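The values are calculated or read from the model by the stated rules, or taken from the named source; none is laboratory data. In this text the structure is predicted, and so the values were computed from the model without any measurement. Cβ sites come from the backbone with ideal geometry, for glycine too, and all protein chains shown count toward neighbours. SASA here: full protein model, heavy atoms, side chains in, ligands and nucleic acids out. Shrake-Rupley method; radii C 1.70, N 1.55, O 1.52, S 1.80 Å.
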Amino acid sequence: MIAPDLETAVESLRELVESARVIVPFTGAGISTECGIPDFRSPGGLWTKMRPIDFSDFLASQEARDESWRRRFAMDEQFGGAAPGRGHRALASLYATGKAPGVVTQNIDNLHQASGIASEHVVELHGNTTYATCLDCAARYELPWVCERFQATGGVAPACPRCGGFIKTATVSFGQSMPEAAMRRAEQLTLSADLFIAIGSSLVVWPAAGFPVMAKRNRARFVIINREPTELDDIADLVVRDDIGAVLEPFIAT
Ligand SMILES: [Zn+2]
């Protein structure tokens with residue numbers, strides 16, 4: 001069913017939420033746009049204007065590593081101070097009730113954690129851009145640490161002081177393999193759900209499309225909240241094509 005208006009959407013969603021035992025939200029860029037974080041993949045988005053740096057290029061050249069960090073710090077100036085939106089806060093409220101054991105996300109912006117969901121309960125399929133790791137020894141580095149060295153050398157990406165490895169934001173780049181542990185946890189969560197809610201994702205990019213299908217096959221109810229139609233609207237029990245913040249705001253616990 002496609003909800004005819006916002007009121008019906010909220011009412012139908014409330015019924016589904018109330019009758020569910022285990023709710024697993026799956027989020028994409030759309031939940032963060034009201035926080036000022038652009039959807040890189042959308043038409044006119046950053047990635048359609050600037051070619052992303054492939055993982056193989058990052059490994060192969062210091063120049064690519066420098067450029068990658070230059071872009072990352074430029075991004076910080078634009079939306080480094082982003083705060084969780086209504087969608088994030090609603091999901092944090094569901095999590096706080098114990099009904100949603102965790103969130104699976106395609107986002108790298110850390111806003112689910114910032115909204116109060118414990119890090120270990122946020123499954124990040126594409127990693128996290130708010131900190132960095134060494135690609136060899138996995139040591140964690142905070143961005144101010146990287147920035148200080150980057151600026152001190154006139155824009156050269158620093159190497160790991162422990163092992164000399166390359167330091168990269170903890171994101172999954174184009175050409176980099178999906179994080180296996182996160183994929184496994186996402187699958188476990190999906191199979192535990194009797195209500196699976198996809199929010200702000202076009203559900204096109206693999207593996208995004210796989211989890212809702214898996215949930216549906218496992219007989220979960222399946223809801224899609226997204227401004228635009230998605231590839232999976234036909235198999236959803238409820239489709240809401242409305243503003244995500246407006247749809248989820250009534251679910252924020254006060
Ligand atoms: Zn290292």
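Miscellaneous remarks
- Hits in the range 193-231 - residues which are touching a Pro at 6+ places or on another chain (Cβ under 7 Å) and modelled with pLDDT of 95 or more: Phe196, Ile197, Ala198, Ile199, Phe222
- Filter result (more than 22 Å from Ala96 (Cβ to Cβ), open to solvent by less than 50 Å² (accessible area, probe 1.4 Å) and in a helix (DSSP H, G or I)) within the range 232-254: Asp233
Conditions (1) on the phi > 0 side of the Ramachandran plot; (2) buried (at least 21 other Cβ atoms within 10 Å of the Cβ); (3) small (Gly, Ala, Ser); (4) in contact with a helix residue (DSSP H, G or I) (Cβ under 8 Å, 6 or more places away or on another chain), marked per residue:
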position	(1), (2), (3), (4)
Gln62	no, no, no, no
Arg65	no, yes, no, yes
Phe73	no, no, no, yes
Ala82	no, no, yes, yes
Gly87	no, yes, yes, yes
Leu94	no, yes, no, yes
Val103	no, yes, no, yes
His112	no, yes, no, yes
Ala118	no, no, yes, no
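- Summed over the range 122-169, the residues that are of a type in the set (A, V, I, L, M, F, W, C), within 16 Å of the ligand (Cβ to nearest atom) and open to solvent by 20 Å² or more (accessible area, probe 1.4 Å) give a count of 7.
- Contacts under 8 angstrom Cβ, first residue in the range 203-231 being part of a strand (DSSP E or B), partner open to solvent by 50 Å² or more (accessible area, probe 1.4 Å) and not hydrophobic (A, V, I, L, M, F, W, C), 6 or more apart: Arg221/Asp237; Phe222/Lys216; Phe222/Asp237; Val223/Asp237
- Matching entry among Phe174, Phe222 (being aromatic (Phe, Trp, Tyr) and surrounded by 17 or more Cβ atoms within 10 Å (Cβ to Cβ)): Phe222
- Tabulated pairs, the range 162-174, first touching a residue at least 60 places away in the same chain (Cβ under 8 Å), second within 8 Å of the ligand (Cβ to nearest atom) and part of a loop (DSSP other than H, G, I, E, B), C-beta under 7 angstrom, 6+ apart or interchain: Phe166/Leu135; Lys168/Leu135
- Count of the range 29-70 residues which are at pLDDT below 95 and in contact with a strand residue (DSSP E or B) (Cβ under 6 Å, 6 or more places away or on another chain): 0
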